[in-house]
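Here's the structure we're looking at; comments come further down.
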2 protein chains.
Amino acid sequence: MPVHKKIRAYFSPEKKLHTSLKNILGFYPDNISLYKLAFRHSSAAKNIKKGVKDSNERLEFLGDSVIGTVVADYLFKKFPYKDEGFLTKMRSKMVSRAKHNQIAMKLGLNQLIEANNDRFGSKPSSINGDAYEALIGAIYLDKGYKFAQKFILNRIINVHIDMDEVETKEVDFKSKFIEWAQKEKKEFEYETVVDGTTVPDKQFVLNLLVDGEIVGHAQHLSKKRAEQLASEDACKKLDI
Amino acid sequence: MPVHKKIRAYFSPEKKLHTSLKNILGFYPDNISLYKLAFRHSSAAKNIKKGVKDSNERLEFLGDSVIGTVVADYLFKKFPYKDEGFLTKMRSKMVSRAKHNQIAMKLGLNQLIEANNDRFGSKPSSINGDAYEALIGAIYLDKGYKFAQKFILNRIINVHIDMDEVETKEVDFKSKFIEWAQKEKKEFEYETVVDGTTVPDKQFVLNLLVDGEIVGHAQHLSKKRAEQLASEDACKKLDI
């Protein structure tokens, strides 16, 4: 880092953020305002123009995509003899909301998030993962793709993701969904539309309702599997 | 381009592909085998290991993600005062299967695709768009992210995408779905589960069936809107 940057960082009013970021990221940011934005949850954001807030949601959109590409590249090279179905499945486990929340906590991002707690009873569970995605968006804009890629590989995947676990673990969407519903205090119901035991072809047809609205739908010979599939459908639709 | 590369390209047995690619892409590829792979449809692929083919599907997985990130970056910068909902919607229109098929045709990629026509009655409609995505995957691996980004911006977005049209046009998912079903010769049916006109709360509940299987589901006060939503659901599930 050039001396003038060190001096600027030292005397900057954002010195604390600078130092925290250096500790977490391993580098000093150039454009600190991007990182401040990355940690600003919409509850703490102000309107900058009609209908537009200075929250981290736009950076989250960008960062989410950058992570997806870096992980795609990583998996492409790590598994040269696996087909795209395998790669897709692995990626969706590596970039899941739950995984991003975990990573954010491990990095300690939760201490940097600016949110207005009065606006929600309990913090939405995704607030940390969203900040992680936004942070990657900020790094990408501040330092470029290659830098963001190295950060994700060296400081996230190699350190915080157990690839053997990712490869072997099947995602239990029903548990994931129920955990979300309980946290968000939502009423839900697995509604049997067709009972597989009473019809000749034995397919169970299920709807999953949240507060009376259908958010998931599935059919399968096994009721248990149909519940998993309906939950997976709901998790996708509700971005859980 | 260094002289030795030009000479290699000139005497290479893949000279025709080299020249075609130079014309289409505006540059000579370094690793020609990546581009050959990008144009090899699974119908023309051989098994390279048990269950793994040397088709373009893995490159397609990678390229699809790279395009998504480049477009996210482009939209982020082009629309500084639009929220992430707008950005997401714009991107999904810019990277749709239909749009990628169009781009592939405009680039003339269809002439480079290696496919075994005996294996399917009529060519799947997505074969060209898939090759475009795989080509971007190849460029990314061959030349890096920045190069792929410049290619997408200068040779695709600025030339082949009418941003005003993308911004104003609503996607008609029902037409899109029906077009696909007719092309693929699938039987389909919009099945009314609840007729909104006969119940107090007036919600229509619809299933969209393809060859007897539910692929889309929706409910809405308007039957027309419910059909659009069920079609959108089906398009997502079937990756149309």
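As a test of the definition: which semi-axes, in Å, follow for the protein assembly as shown when you take the square root of five times each eigenvalue of its alpha carbon gyration tensor? Largest first, please.
Details: eigenvalues 264, 235, 92 Å².
The three semi-axes for the protein assembly as shown are 36, 34, 22 Å.
Mind giving me the FRET efficiency for B:ASN117 and A:PHE147? R0 is 60 Å, r the Cβ-Cβ distance, nearest 0.05 is fine.
FRET efficiency, B:ASN117 to A:PHE147: 0.85.
Suppose we flag trypsin sites (Lys or Arg not before Pro) only when DSSP calls them loop and at most 10 other Cβ atoms lie within 10 Å. Which is the longest uninterrupted stretch of chain A?
Within chain A, the longest run free of exposed trypsin sites (Lys or Arg not before Pro) spans A:51-168.
In whole Hz, with x marking every Gly and Pro, tabulate ³J(HN,Hα) for the range A:227-237 from phi via Karplus 6.51 cos²θ - 1.76 cosθ + 1.60, θ = phi - 60°.
Result, ordered by residue: 5, 4, 5, 5, 5, 4, 4, 5, 4, 5, 5 Hz.
What gaps in nm, shortest first, separate B:GLU179 from its twins in the other copies when you place the label 7 Å past Cα toward the beta carbon?
4.1
Roughly how large is the A-B contact in terms of buried accessible area, totalled over both chains, probe 1.4 Å, nearest 100 Å²?
3400 Å²
What is the list of residues in the range B:88-118 whose amide nitrogen lies under 13 Å from a point 7 angstrom out from the Cα of B:ASN23, following Cα to Cβ?
Within reach of a label on B:ASN23, which here means backbone N under 13 Å from a point 7 Å along Cα→Cβ, the range B:88-118 contributes B:107-112.
Checking the a/c ratio against 1.5 first, then a/b against b/c, what shape does the Cα gyration tensor give for the range A:123-173? Please report the intermediate quantities before stating the final value.
Numbers: a/c = 3.08, a/b = 1.33, b/c = 2.32.
Oblate, because a/c is 1.5 or more while a/b does not exceed b/c.
Can you give the translational diffusion coefficient of the range B:3-168 in µm²/s, computed by Stokes-Einstein from the Kirkwood radius over Cα pairs at 37 °C and 0.692 mPa s?
196 µm²/s
Using unit Cβ charges (K, R positive; D, E negative) and no other charged atoms, how large, in debye to the nearest 20, is the dipole of the range B:66-136 about its Cα centre?
Values: 11 positive and 7 negative charges, 69 e Å.
It works out to roughly 320 debye.
Looking only at GluC sites (Glu not before Pro) in DSSP loops with at most 11 other Cβ atoms within 10 Å, what is the longest site-free stretch of chain B?
B:1-169
Using a 1.4 angstrom probe and counting only protein chains, how large is the accessible area of A:TYR81 in Å², to 10?
Using a 1.4 Å probe on the heavy atoms, I get roughly 120 Å².
Of all accessible surface on the range B:140-183 at a 1.4 Å probe, what whole percent is carbon and sulfur?
Of the solvent-accessible surface of the range B:140-183, carbon and sulfur hold 47 percent.
Can you tell me the length gained on complete extension of the stretch B:LYS49 to B:HIS160, counting 0.36 nm per residue apart and subtracting the Cα distance? Please report the intermediate quantities before stating the final value.
Working: separation 111, 0.36 × 111 = 39.96 nm, distance 3.84 nm.
Extra length from B:LYS49 to B:HIS160 when fully extended: 36.1 nm.
Which log10 I(q)/I(0) values, to two decimals, does the range A:173-237 give at q = 0.21 Å⁻¹ under the Debye formula with one point per Cα?
-0.74
Distances in nm, one decimal, shortest first, from A:GLY85 to the same residue in every other copy, taking the label point 7 angstrom along Cα→Cβ.
Taking the point 7 Å beyond Cα along Cα→Cβ, the inter-copy spacings are 3.7 nm.
Under 5 Å between amide H atoms, partner at least 5 residues away or on a different chain: which partners does A:LYS53 have, H built in plane at 1.01 Å?
Those lying under 5 Å, H to H, from A:LYS53 are A:ILE48.
When you look at the Cβ of every residue in B:46-58, what mean number of other chain Cβ atoms sits within 10 Å?
3
Return the FRET efficiency for the residue pair B:ASP211, A:VAL193: r is the Cβ-Cβ distance, R0 is 22 Å, and the value is rounded to the nearest 0.05.
Computed FRET efficiency for B:ASP211 and A:VAL193 comes out at 0.70.
The values are calculated or read from the model by the stated rules, or taken from the named source; none is laboratory data. The model shown is predicted, which means the values in this text are computed figures rather than measured ones. Ideal geometry is used to build each Cβ from the backbone, glycine not excepted, and the neighbour counts take in all protein chains shown. Surface accessibility is based on the protein's heavy atoms, side chains included, excluding ligands, DNA and RNA. Shrake-Rupley method; radii C 1.70, N 1.55, O 1.52, S 1.80 Å.
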